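Just passing along the structure, written as structure tokens.
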Amino acid sequence: MLHSFLSLIQSLGPWGTVFVLLVAFGAGILRGYTGFGFALAAVPALTLIVDPADMVPVVTLITLVGGLQLVIQVWRQADWPSVWLLLAGAAVGLPFGVAMLRYLPADLMRAFIGLTVLVAVLLLWRGAVFNSMPSKAMRLALGTLSGLLNGSTSMGGPPVIIFFLASPGGAAVGRASLLVYFFLLSWITLGAAAVGGLVTVHVVLLTILLLPAMSLGNWVGAHLFTKSTAHTYRRVALIVLASVAAVALVRAVAGLFG
């Protein structure tokens, strides 16, 4: 195992190793602060050096192991009724999303998601929130939409993020709920990756390499959150979400007209 680990570092090279550790650290800060965004920040950068096929299982394993420290801390703060309804809906929508890949161009769907998210961010930035918690049926439907988008475009996060940013529970509850939701969703993703034979020794070794940097970033981000106001948290989360939507739009346009 030690020989394989050293071989991994040698294959990355000194500068490559420093690069992937800095990416894991920076993405960890984002996740520790907002409750989401590790994969959104880490995957595009890491795929410059690491095989893209390894990224899903690596990010999933890091989220499960490295994210556990934060999940334990916020476990009691999460809006559990909403988390379970959203997860149930996501589990239902995921296989249909995968099936949609056969009939709808992924780039067309990314463009739709990007535009929708940008409109939602604009409304939230102007102060739009739920006056009361939406019905169980609506939360279940939102989870199903998240599953559909996750299965068809790998962008299932924005609907859930928007929901918790607009919910009346406040910043602490929303952040805790997002941390718990994505932690539990990672178990579903890991199961699918394991069945598909994607969890290899190389993936485990890469996870071990990145975990300390991600965990340290988590700690820094969580510390920054305790020092910030709910207003600041909301603004940072919306900026991150708008950036994701913009990247999705650029990617979709490049795919459709490139």
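Hey, does segment 10-22 have a residue that's without any contact (Cβ under 8 Å) to a residue 40 or more places away in the chain, on the phi > 0 side of the Ramachandran plot and not in a loop (DSSP other than H, G, I, E, B)?
yes
If you go through segment 33-49 one residue at a time, do you hit one that is more than 20 Å from the chain's Cα centre (by Cα) and over 21 Å from Tyr181 (Cα atoms)?
Checked segment 33-49: at least one residue is more than 20 Å from the chain's Cα centre (by Cα) and over 21 Å from Tyr181 (Cα atoms).
Condition check ((1) touching a residue at least 12 places away in the same chain (Cβ under 8 Å); (2) surrounded by fewer than 19 Cβ atoms within 10 Å (Cβ to Cβ); (3) not small (Gly, Ala, Ser)) across all residues:
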position: Thr34; (1), (2), (3): yes, no, yes
position: Ala41; (1), (2), (3): yes, no, no
position: Thr47; (1), (2), (3): no, yes, yes
position: Pro52; (1), (2), (3): no, yes, yes
position: Asp79; (1), (2), (3): yes, no, yes
position: Gly97; (1), (2), (3): yes, no, no
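Whether any residue in segment 207-226 is within 30 Å of Ser4 (Cβ to Cβ), touching a Ser or Thr at 6+ places or on another chain (Cβ under 8 Å) and touching a residue at least 60 places away in the same chain (Cβ under 8 Å) is what I want to check.
Yes, there is a match, as at least one residue in segment 207-226 is within 30 Å of Ser4 (Cβ to Cβ), touching a Ser or Thr at 6+ places or on another chain (Cβ under 8 Å) and touching a residue at least 60 places away in the same chain (Cβ under 8 Å).
Next question. If I go through segment 141-184 residue by residue, how many of them are of a type in the set (Gly, Ala, Ser), open to solvent by 30 Å² or more (accessible area, probe 1.4 Å) and closer than 23 Å to Val119 by Cβ?
Count: 3.
Let me ask something else about it. If the requirement is being free of Cβ contacts under 8 Å to residues at least 40 places away in the same chain and under 17 Å from the mean Cα position of the chain (by Cα), which of these qualifies: Pro134, Pro159, Pro168?
Pro159
Any residue in segment 229-255 that is of a type in the set (Phe, Trp, Tyr) and open to solvent by less than 40 Å² (accessible area, probe 1.4 Å) sitting within a Cβ distance under 6 Å of a residue that is part of a helix (DSSP H, G or I) and modelled with pLDDT of 80 or more? List the pairs, counting only those 6 or more apart or interchain.
From segment 229-255, the pairs are Tyr233/Ala171.
Now a separate question. Taking Val195 and the conditions (1) modelled with pLDDT of 85 or more; (2) surrounded by fewer than 17 Cβ atoms within 10 Å (Cβ to Cβ), which numbered condition does it fall short on, given that it satisfies the others?
So Val195 meets the others, but not (1).
The values are calculated or read from the model by the stated rules, or taken from the named source; none is laboratory data. Predicted model only: the values in this text are computed from it and were never measured. Reconstructed Cβ throughout: ideal geometry from the backbone, glycine too, with neighbour counts over all protein chains shown. The area values use the complete protein model at the heavy-atom level, side chains included, leaving out ligands, DNA and RNA. Shrake-Rupley method; radii C 1.70, N 1.55, O 1.52, S 1.80 Å.
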